[in-house]
Amino acid sequence: MEISRRSFLASGGAAGTSALLSSLGLGFGPSAAFAAEARPQRGKITTTICPFCGVGCGEIVEVREGKIIGIEGDPDHPINEGSLCSKGAALYQVHHNERRLRKIRYRKPGGSAWEELSWDQAMKMIAERVKKTRDATWVGQRDGLTINHTSGIACLGGAALDSEECYLISKAMRGLGVIWLEHQARI
Ligand code: SF4
């Protein structure tokens, strides 16, 4: 089949390119598959799930000498088939970002200055406050019924939590007698 400028434009230009290629017996499928196979591998490949929302898109992480050198959509993942939204596509920058906070920062109630805490200090402070609040608000019985709960503590999850983390957090909270358990993701 001979393609003239006129016949190309008559086919709808760019929008009709796919149909035109198809009419010529050509298509993007084999080219796309070849491109995926021909992609140079620069490091060890592993897969992960995007942590940003409950859609759970699959991503490929490339690691060389213990460092992440690239993250992209996983074409074999059944949910996203390689595509990512802007947040998922920027996941690499979560790891490599000089503006990322790497230390715990704490501002005292009523204070205006941030101070740095170690993980041990922060965990100890949280545990002490949880214990104090739980003890102060614990309700063992009401109207002759054993209820064993505290309504003085609430737990709010986020879309960045995966199923296993949600399971462990809800177990830990229920073990403490926390009844206000919520999650922001609505999918
Ligand atoms: S944030 Fe975007 S890439 Fe990540 S799981 Fe959600 S939709 Fe997928």
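The values are calculated or read from the model by the stated rules, or taken from the named source; none is laboratory data. Predicted, not measured: the structure shown is a model, and the values here were computed from it. Positions of Cβ are backbone-derived with ideal geometry, glycine not excepted, and every protein chain shown enters the neighbour counts. For the accessible areas, the whole protein counts, side chains as well, though only heavy atoms, and no ligand, DNA or RNA atoms are used. Shrake-Rupley method; radii C 1.70, N 1.55, O 1.52, S 1.80 Å.
What share of the DSSP beta bridges in segment 65-187 is antiparallel, in percent to the nearest 5?
Taking every DSSP beta bridge with both residues in segment 65-187, the antiparallel ones total about 60 percent.
Within the set Lys67/Lys171; Lys67/Lys87; Lys87/Lys131; Lys108/Lys131; Lys108/Lys171; Lys131/Lys171, which residue pairs have Cα atoms separated by over 27 Å?
Pairs exceeding 27 Å: Lys67/Lys171; Lys87/Lys131; Lys108/Lys171.
Could the peptides 45-58, 171-184, 137-150 be put in order, highest first, of the mean number of other beta-carbon atoms found within 10 Å of their residues?
Descending packing order for the listed peptides: 45-58, 171-184, 137-150.
Skip the ligands, DNA and RNA, and give the accessible area per residue of segment 38-146 with a 1.4 Å probe, whole Å².
Value for segment 38-146: 78 Å² per residue.
Show which aspartates and glutamates lie in cross-link reach of Lys124 when reach means a straight Cα distance below 20 angstrom and same-chain residues fewer than eight apart are skipped.
Glu115, Glu116, Asp135
Roughly speaking, what is the centre-to-centre gap between segment 74-97 and segment 111-141 when only Cα atoms are used, to the nearest Å?
36
Which GluC sites (Glu not before Pro) from segment 73-181 combine a DSSP loop assignment with at most 15 other Cβ atoms within 10 Å?
Qualifying residues, ordered by number: Glu81, Glu98.
In bins 5 Å wide, starting from 0, what share of all Cα pairs of segment 33-187 does each bin hold, as a percent?
Spelled out per bin, shortest first, that is 2, 7, 11, 13, 14, 14, 12, 10, 7, 5, 3, 2, 1, 0, 0.
I need the shape label for segment 112-174. Rule: rounded when a/c is under 1.5, else prolate if a/b > b/c, else oblate, with a, b, c from the alpha carbon gyration tensor.
Oblate.
Mind ordering 107-113, 59-65, 156-162, 117-123 by average Cβ neighbours within 10 Å, highest first?
Highest to lowest by the protection proxy: 59-65, 156-162, 117-123, 107-113.
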